[in-house]
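Data block below; observations after.
The values are calculated or read from the model by the stated rules, or taken from the named source; none is laboratory data. Quantities reported herein were computed from a predicted structural model and do not represent experimental measurements. We place every Cβ from the backbone using ideal geometry, glycine too, and count neighbours over all the protein chains shown.
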Amino acid sequence: MEIIFASSNQNKAKEIQAALPKEFIIKTLLDLDFHEEIPETADTFAGNALLKAQFVAEKWNLPCFSDDSGLEIEALNNEPGVYSARYAGTQRNDDENMNLVLEKLQNETNRKACFKTVIALIIDGKTLLFEGKVDGTIRHDKIGNHGFGYDPIFEPEGLGKSFAEMDIEEKSNYSHRKRAVDQMVKYLILNTY
Ligand code: IMP
């Protein structure tokens, strides 16, 4: 069975493909020769994931899913949330985004935060949502060279090191994205064959 991932991100697509039995073939928007960005105008992760999956379902009428992720910081009323990629401006600069977070938390003792991913899956006329979450804290400085986004300032609970100090394999044991994907995979295996 082919399932469309409503994204152009080949790395994410590869990761998800690797988690699925070989009967499931993940195709991306690039395989559909679609090179535009689908608007993400909702104010929740679930809303944005649904917008992207519904866009694909309506346009191509194929089984599809999409994801939306971000960082929520308790002391900042769950900012940056859906604005995680462009928190410090539209240029999507990871370093500037992290600097803004560190600046806003300068005198803050509550460093609690979490990463969340919501996946929206549309298949057999049904729409399903799967959420993955990892709790942790925001460090006072950046550390580590792996990963992307806010990884250098985020420490998953109880581990004493940042996501950026872990290689992909180690991060995947705790990753919000992996946790959401695992739930979708479980659903697909139990419900489609
Ligand atoms: P996306 O929806 O997966 O593209 O994530 C949106 C933004 O959230 C990214 O551009 C990053 O700034 C942030 N983000 C999401 N997942 C992670 C992660 O695993 N590590 C660090 N930052 C992340």
Residue within region 184-193 that is touching a helix residue (DSSP H, G or I) at 6+ places or on another chain (Cβ under 7 Å) and either of a type outside the set (Val, Ile, Thr) or farther than 22 Å from Lys14 by Cβ (or both) present: no
Where a residue in region 169-193 is at positive phi and surrounded by fewer than 19 Cβ atoms within 10 Å (Cβ to Cβ) and its partner, wherever it lies, is part of a helix (DSSP H, G or I) and polar (S, T, N, Q), with Cβ under 6 Å and at least six apart: none
Hits in region 111-130 - residues which are touching a strand residue (DSSP E or B) at 6+ places or on another chain (Cβ under 9 Å) and more than 13 Å from the ligand (Cβ to nearest atom): Arg111, Lys112, Leu121, Ile122, Ile123, Thr127, Leu128, Leu129, Phe130
Condition check for Glu58: at pLDDT 95 or above and farther than 24 Å from Arg179 by Cα: yes
Test: residue in region 15-37 that is modelled with pLDDT under 95 and under 13 Å from the mean Cα position of the chain (by Cα): yes
Tally of residues being assigned to a loop (DSSP other than H, G, I, E, B), touching a Phe, Trp or Tyr at 6+ places or on another chain (Cβ under 9 Å), more than 12 Å from the ligand (Cβ to nearest atom) and within 19 Å of Gln106 (Cβ to Cβ) across region 134-165: 1
Scope region 8-58; condition among the β-branched types (Val, Ile, Thr) and over 24 Å from Asn78 (Cβ atoms); matching residues: Ile16, Ile25, Ile26, Thr28, Val56
